[in-house]
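Single-structure report; data block below.
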Amino acid sequence: MTSMFRLLPIVAMVAVAGCATSNPGIDVKRFHLGAPVTRGTIALVPADARAPAGLESRSYFDAVAAELRAQGFTPVPVGSGPAYLATIGITQNVAVGPRRPSPFSIGIGGGGFSGGRGGGVGLGGGASFPVGHGSQNAIEFDAIHLTIKRRSDEALIWEGSASVGIDTRSPQASLSRSVPAMAHALLEGFPGPSGVTQHYPYK
C-alpha cells in the first residue's frame, strides 16, 4: 500500500524568548463522543495523497500502525474493505523562541481545541535551522494528527493530536524519534479522555 503523510508547509521564526526545551514533554489532545469503539480492521491513509512515498514516511506509518495494533485494531490495506479509516498528518517546523501550540485544530460536535496556524516544513527538508545538533538556540516543533472514521458511513468517531518541542541541539530532535513517541502517547489507553490536554514524558 502506498502511504504518504500530509506535511503542512510551515517555517516559523519568532523572537527569542525563554529557554530551549531540554526536557521535552508531549502534549496530547483527543476528542470522541464517549461511545464504546468496537475494535476491528483499520486502514491508514495519508492526509495528503499527493505527498511522495518513501522509506521515511513508511516508518512513520508503521509506528502508528503498531500503536493501533496494541490497542486492539488490525491494520490492513485500504483495498481490503476495512471497518475503519485512519487519516494521518505530520508536521515539523523549527523556530527560535518558546514552545508554540500544535498547528492542528481538533474537535467533534460542540467542542474543540485550536492550535497555532503558523509555520512548518515538509518531511525531509527546508528548515531555517538544521534539525538536530544545531548551534542556534532553536526549538524543533513536531506534531501528529490522527482521525478515525467508520468506512461504512464516514462518521468521524475519534480525533486527536500530539505535539512536542525539542531543542535542535538534542539527539532526540528528529521525526524518526518523535513520531513513535507521539503515536504511543496519543493512542495510549485508547480512546482516552475527551476534551482535555494531557502531558506525557518524551522518551
Residues that are among the small types (Gly, Ala, Ser) and at pLDDT below 95, drawn from region 31-55 = 34, 35, 47, 49, 51, 53, 54
task = Determine whether residue 83 is touching a Pro at 6+ places or on another chain (Cβ under 6 Å) and crowded, with 16+ Cβ neighbours inside 10 Å.
result = no
request  = Go through region 191-203 and give me each residue that's within 21 Å of residue 56 (Cα to Cα), touching a residue at least 60 places away in the same chain (Cβ under 8 Å) and open to solvent by 30 Å² or more (accessible area, probe 1.4 Å).
outcome  = none
ask   = Say we look at region 141-190 and pick out the residues that are under 21 Å from residue 48 (Cβ atoms), of a type in the set (D, E, K, R) and open to solvent by less than 30 Å² (accessible area, probe 1.4 Å); which of these is farthest from the chain's Cα centre (by Cα)?
value = 159
ask   = Looking at (1) more than 14 Å from residue 163 (Cβ to Cβ); (2) at pLDDT 60 or above; (3) of a type in the set (Val, Ile, Thr), which is the one condition that is false for residue 28?
value = (1)
remark   = Within region 159-184, the count of residues that are more than 12 Å from residue 142 (Cβ to Cβ) and in a helix (DSSP H, G or I) comes to 1
Lone unmet requirement of (1) modelled with pLDDT under 55; (2) more than 23 Å from residue 42 (Cβ to Cβ); (3) surrounded by fewer than 16 Cβ atoms within 10 Å (Cβ to Cβ) for residue 109 = (2)
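The values are calculated or read from the model by the stated rules, or taken from the named source; none is laboratory data. Values in this document were obtained by computation on a predicted structure and should not be read as measured data. Glycine also receives a Cβ, built like all others from the backbone with ideal geometry; neighbour counts cover every protein chain displayed. Keep in mind that these areas ignore ligands, DNA and RNA; they rest on the heavy atoms of the full protein, side chains included. Shrake-Rupley method; radii C 1.70, N 1.55, O 1.52, S 1.80 Å.
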